[in-house]
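The values are calculated or read from the model by the stated rules, or taken from the named source; none is laboratory data. Computed from a prediction, not measured in an experiment: that's the story for all the values here. Cβ placement follows ideal geometry from the backbone for every residue including glycine, while neighbour counts extend to all protein chains displayed. The protein model used for the area step is the full one, side chains on, heavy atoms only, and it has no ligands, DNA or RNA in it. Shrake-Rupley method; radii C 1.70, N 1.55, O 1.52, S 1.80 Å.
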Amino acid sequence: MTNKEFRDLAIKCEDGTATETERERFNQVYDFLSNQYKEWDPVLMKDEETVKDYVFELLSHDVQQFEKRKKQLSIYKYIGVAASILILGIAVFYTNRAKKVEQVAPLYANDVAPGGNKAFLVLSNGKRLALGELSNGTIARQSGIKVTKKADGQLIYTIEDHGQTRQANEYNTIETPKGGQYEVRLPDGTIVWLNSASTLKYPVSFAAFKERKVLLKGEAYFEVAKDSQHPFTVKSDRQTIEVLGTHFNVNTYPDEPLVKTTLLEGSVKVSSNNMADRVLKPGQQADLSMNGELKVSDVDTELSVAWKNKQFMFESEKIETIMRMIERWYNVEVEYTGEKTEERFGGSVSRFDHVSKVLKSLESTGKVHFKIQGRKIYVSR
């Protein structure tokens with residue numbers, strides 16, 4: 001690659017006109033060059049203070065713009081923007097260098113595809129159905145309820161016989177594996193999006209119960225149908241959530257230090273085993289710690305529901321938290337080698353990109369590095 005080609009690619013990457021292939025090629029060459037020139041070379045790069053002033057001026061403008069378009073930035077763009085502008089700035093100063101880079105090794109020898117609509121439905125009679133292997137349409141009938149699978153990855157419960165449903169006392173369970181997600185519409189009209197490695201147990205019909213109670217392990221987003229006569233309750237290992245009609249997200253993975261309940265609309269009451277109840281308002285999140293302490297704070301709700309909106313979105317998160325998300329969604333194993341980085345990361349990236357794109361974005365900060373072998377990701381500083 002010539003100097004001009006490299007400079008042109010840098011400009012295209014900066015203004016967003018580069019194709020995916022061009023962006024990957026640029027990243028490969030830049031990584032190679034950055035390893036070659038770790039020390040400042042005034043002959044090659046011109047006066048260091050002049051370049052830094054130029055970069056700082058561009059960076060200041062970009063940071064101001066960040067607050068206006070925060071959610072559109074790619075992963076770690078907020079902090080990584082300094083690196084991207086520096087790339088462009090230094091690329092301009094490579095013009096006088098006659099060196100060509102003929103070949104660059106790929107960053108990762110392997111790659112892993114993202115997850116998708118995968119789940120298992122366990123019927124009240126114990127029959128286990130792999131939803132991904134079933135044809136669309138009616139897949140089961142039980143106690144006056146018809147269960148239908150749609151092409152878009154939604155499971156729908158429809159009442160066919162009200163007489164039967166009033167007598168029903170049966171439960172179904174939907175389970176998503178690592179690398180899976182699924183959407184289910186319950187007989188009362190409540191819609192639940194289930195994240196990867198999660199389980200939801202619920203009655204086939206709510207008609208025989210005074211309250212609509214479901215059991216959750218993992219993470220789910222709820223849009224609860226209003227029914228003031230029959231409160232809706234979400235029960236997990238460490239807390240209970242009571243609602244009448246609302247939109248909220250619950251993250252109750254056993255390997256996470258906090259159980260997080262985030263309210264988007266309506267009102268919910270969060271209860272733990274040994275703490276007083278707390279009522280949330282829209283835009284608030286309840287964090288339940290391992291020792292039972294319950295804290296409520298105002299949050300950016302988009303962060304909590306990003307997974308449902310097909311995004312990874314972080315704000316000042318540790319690498320361990322991010323890698324647990326990646327581990328569940330891509331169905332991979334993560335191993336840390338050496339000392340873990342203390343850096344915190346922020347930004348967003350599509351959940352439907354291959355894992356390499358997520359890792360490259362994190363790696364562009366220079367604070368963490370990855371190696372993929374099969375379905376195992378090695379993380380190092």
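Structure notes:
- Cβ-Cβ FRET estimate between residue 381 and residue 127, R0 fixed at 45 Å, reported to 0.05: 0.40
- Annotation: per residue accessible area for region 249-299 equals 50 Å², rounded to a whole number [probe 1.4 Å, protein chains only].
- Here is the list for region 253-360: GluC sites (Glu not before Pro) lying in DSSP coil, each with at most 13 other C-beta atoms within 10 angstrom of its C-beta, are 293, 339, 342.
- Contour minus Cα-Cα distance for residue 321 and residue 210 (0.36 nm per residue): 36.1 nm
- At most 13 other Cβ within 10 Å, DSSP loop - chymotrypsin sites (Phe, Trp or Tyr not before Pro), region 175-262: 209
- Neighbour cut-off at most 12 other Cβ (10 Å), DSSP loop, trypsin sites (Lys or Arg not before Pro), region 198-273: 210
- Here the extension length gained between residue 296 and residue 238 equals 19.3 nm, from 0.36 nm per residue of separation less the Cα-Cα distance.
- Unit charges on C-beta of K, R, D, E only; dipole of region 333-381, Debye: 120
- The largest-to-smallest principal axis extents of the Cα set in region 107-245 are 59, 34, 24 Å.
- Whole-Å distance, taken between Cα centres, linking region 109-157 and region 215-279: 24
- Taking each of 295/357; 149/318; 150/213; 12/178; 146/226 in turn, the alpha-carbon distance tops 27 angstrom for 295/357; 149/318; 12/178.
- In plain terms, the chain from residue 178 to residue 339 could stretch by 55.3 nm, reckoned as 0.36 nm per residue minus the Cα-Cα distance.
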